[in-house]
Structures are given as C-alpha cells and as structure tokens.
Amino acid sequence: MTVQYLTRRSFTAMALMGGAAACAPQLDVEDEIPVTQARVDFIEGYGPIEDAGYILPAIPAEYTQGVNRRMSGIYQGEAPPNSLDVDPYAKFLYHVKEDGTATRYPVGVGRAGRSIRGRARLQFKRKWPSWTPTANMLRTEPEVYGPFAAGLPGGLRSPLGARALYLFRNGRDTRYRIHGTNDLESIGNSGSAGCIRLFNQDIIHLYDQIDAPMTVLIRSEEESQRIDPEYFGRGIELPPKIIDPEELLGEEAIANDRPPVFDLEDEA
C-alpha cells in the first residue's frame, strides 16, 4: 500500500477523500445546477452544493490543479492531534487527527505582515456568517471596504462565505477568521486583509469534521521553512478586492438572496 505524506513530500494526483481526482462528467445544467450557471468540469469533492437553501456553484477544475485541492494522508508537522495547523507561507491548512493522519486544505492568506501568528483558539463556528470590516480595514483601505462599512448579512454576498471559524487569544476575539470565499483566485495566494480563506466546498467539509473549542497553530516563516520547505513561498500576492457574487452566481440568484435558514443547534 502506498502511504502519502502531507509535508516534505509531494502528493500524487489522487488525494480527495475516498476518490480519484479525475474530472467528473459534465452535469446536466437543467437538472443539477441553476440556469444561471454555465456547464463546468470539476474534480470530485468540488461540485455544486445545496446548503441552507442556497446552491453553491462547482469550483472549476482550473482552480484545483496540482496541490490546490483537498488531500488526505500522513501528517508530518508539529501540531498536536485534534488541532488545526495553518501554514500561511505554503498556503495550506491541516486538520490534524488523533490517528496521525490529516486532511490538508489549500488556503488564501493575508498579504505580507497581515496575518496572525502563533497559537490561537477556535472559540466557536458559524454557518453563513455576517461580516463587518474592521476599523483597521476601513482606515487602511477605505476604497475597498468603505462601501461595506455597515456590514453585510450572512448569505451569498458575504465575503465570509458559507462558514466561519472564529479565532480567539487569551479570551479575546482576534478578529481573524478561517472562512469560505467566492474569490476562487485567492486560494493558494496572498491578498486578503489577514484572514484564512478556503473554497466554500472545503470550509463546509472542514466545519463538519471539527468541534469547537479547538487549538489552532499558525506557523511562523521559520517553522514553514523547516517543516514544509517544498511549498514554502507558494503563490503570489494579489491586490485586495471583494468579489461581486453576481458575476459568479448570476443576477437572479443574488436578487433572491435572503437570510439563510439552518438549525442554530448545529453551531458551536
């Protein structure tokens, strides 16, 4: 049996949970996804998802090439079991499990100097969270965040996507989140205001695998170079932006956007 390792070695092309990473057949647009969505190819695990009354589109295969996809294997990092290990330099998040394995997710991270480091605590998690830019975001980049100063409710427009994990330190909210995103280009790159972004399909998958509270470790530059040198410095730095979901999801879907419906007991 071939053993796959999540650091210090490359993954082979198969790694999605329980299946090969080949492109799935094209879907029947009329039966499977909204009429506002074009027909796309996607790899297993990144197809359309219906959630809380929304239908999230598939992630086109062009965004999940190489290591930019969910993978599972033997964990070779330094975080304890039942924790999250975030490498903002290699652009990965590891869900470290009790049996020595981990699921690795590709992430987008903050631009240079804009991400939390060290140990934090995942205090609670939310489905379809609302979003309000921080005072620092409004002060430093008013042209990007000013139009959204009053915040956005949870839903298709929210930059936090389908799920958010809230990071605390010493009992205080750090204002940093691990969350979903519509900005597909950002995954594997730097460009956000500091938070950790995942594809919506991945944040939903991660959300369902974990319970709060949970330890979160965010690697330093030195730790990333030592633990995972093969992927250190992966990605490019992108300008800040907020994706217009109408471009991704279509005018009709956004016109029908409304607060999501889900059972609050599902949240921690």
Inset, instruction - Obtain the nm distance between the two label points defined at D208 and N136 by a simple spin-label model: each point lies 7 Å from its Cα along the Cα-to-C-beta direction. - result: 3.4 nm
Inset, instruction - Answer rounded, prolate or oblate for the stretch 39-136, using the Cα gyration tensor with square roots of eigenvalues a ≥ b ≥ c: rounded when a/c is under 1.5, else prolate when a/b is larger than b/c, else oblate. - result: oblate
Inset, instruction - Between Q65 and R117, take the C-beta separation as r, use R0 = 22 Å, and let me know the FRET efficiency to the nearest 0.05. - result: 0.15
Legend entry - Cα shape, the stretch 102-218, gyration tensor, a/c 1.5 rule: rounded
Inset, instruction - Mind giving me the nanometre distance, one decimal, between the label points for R226 and D41, set 7 Å out from Cα along Cα→Cβ? - result: 4.3 nm
Inset, instruction - Determine the dipole magnitude for the stretch 109-193: charges of +1 sit on the beta-carbon of Lys and Arg, -1 on that of Asp and Glu, nothing else is charged, the reference point is the Cα centre, and the result goes in debye to the nearest 20. - result: 560 debye
Legend entry - Distance between modelled label sites at D173 and T215, nm, 7 Å Cα→Cβ extension: 2.6 nm
Legend entry - Two-site FRET efficiency, I236 against E98, from Cβ-Cβ distance with R₀ of 41 Å, rounded to 0.05: 0.70
Inset, instruction - Can you tell me the dipole magnitude for the stretch 53-192 around its Cα centre, using point charges on the Cβ only (Lys, Arg +1; Asp, Glu -1), in Debye to the nearest 20? - result: 460 debye
Inset, instruction - Using the Karplus curve 6.51 cos²θ - 1.76 cosθ + 1.60 with θ = phi - 60°, work out ³J(HN,Hα) for each residue of the stretch 159-171 in order, rounded to whole Hz, and write x for Gly and Pro. - result: x, 7, x, 7, 8, 9, 10, 9, 9, 10, 9, 6, x
Legend entry - Mean Cα-pair separation over length for the stretch 93-245, i.e. relative contact order, pairs under 8 Å, 6 or more apart, %: 31 percent
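Read-outs: derived from the displayed coordinates by stated rules, not from any lab. Fair warning: this is a prediction, and the values are worked out from it, not measured in the lab. Cβ: placed from backbone, ideal geometry, glycine included. Neighbour counts: every protein chain shown.
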